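Just so you know, all these numbers are worked out from the coordinates, no wet-lab data involved. Quick caveat, the model's predicted, so the values are computed rather than measured. Heads up, the Cβs are rebuilt from the backbone with ideal geometry, glycines too, and the neighbour counts pull from every protein chain shown.
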């Protein structure tokens with residue numbers, strides 16, 4: 001009898017393709033958001049298959065990038081919503097905008113703070129994803 005068992009472990013070229021797909025999904029995420037969720041699910045599923053290969057670091061990187069992105073988005077949205085709801089609540093009192101700003105000076109820096117956080121985070125995210133994609137294409141670990 002011959003041994004016809006087939007290995008269920010994916011070959012490295014398959015892992016390379018999947019890692020490239022995950023990074024591609026992350027690059028599309030700023031336009032729709034959903035693809036990042038799909039990418040992180042794929043990264044979680046494939047990380048155990050990639051154990052011991054150079055692609056394990058790519059899936060770990062993708063997972064870390066997703067969670068840092070998620071937290072940064074929550075913080076940015078919290079800053080923006082705090083300002084918007086604060087302005088609406090104070091505007092409904094009939095005060096002028098000058099009086100509103102004078103009574104609650106913390107409202108002024110929250111929008112620029114949110115914009116700065118978003119900008120810094122976007123550069124970081126783009127750097128991590130593009131660097132990972134380049135390393136995948138060069139068959140290097142992250």
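Values for this structure:
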quantity	calculated
Cα shape, segment 22-77, gyration tensor, a/c 1.5 rule	prolate
Ranked 140, 46, criterion: other C-beta atoms within 10 Å, fewest first	140, 46
Principal axis dimensions, segment 12-137 - Cα atoms, whole angstrom, descending	65, 22, 20
